[in-house]
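The values are calculated or read from the model by the stated rules, or taken from the named source; none is laboratory data. Bear in mind the structure is a predicted one, so any value in this text is a computation, not a measurement. Just the protein is used for accessible areas: all its heavy atoms, side chains included, with ligands, DNA and RNA removed. Shrake-Rupley method; radii C 1.70, N 1.55, O 1.52, S 1.80 Å.
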Amino acid sequence: MTGRLLTPDEAAGMLGITPKTLANKRSTGGGPKYIKLGPPPADGHRDNRPVRYTPQALADWMESMGRTRPLWRE
């Protein structure tokens, strides 16, 4: 992996959405791939590890959201 890791605030800014929307997408599995830094917590403990995104993960997710034709019919 090369390049800088982006914070959720930076990633949300690049995507044009709020950090809250990005967090909601992360929790439902509908957002870009992300990385959790550090070792996982012990069983029964909350996972408070920092979340980071790669610029490539954001680009891939934006590309996957593109449409090739209108959703309506004329």
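Contour minus end-to-end for Leu37 and Ser64, with contour as 0.36 nm per residue of separation and end-to-end as the Cα-Cα distance? Mind dumping the intermediate values first?
On the way: separation 27, 0.36 × 27 = 9.72 nm, distance 2.51 nm.
Stretched out fully, the Leu37 to Ser64 stretch lengthens by 7.2 nm.
Tell me the carbon and sulfur percent of the accessible area for the chain, rounded to whole percent, probe radius 1.4 Å. Intermediate values should be presented prior to the final figure.
Details: 3140 of 5940 Å².
The nonpolar share, carbon plus sulfur, comes to 53 percent.
Tell me the per residue accessible area of the stretch 1-42 using a 1.4 Å probe; a whole number in Å² is fine. Don't jump to the answer; show the numbers that get you there.
Working: 2850 Å² over 42 residues.
Roughly 68 Å² per residue, with all protein chains present.
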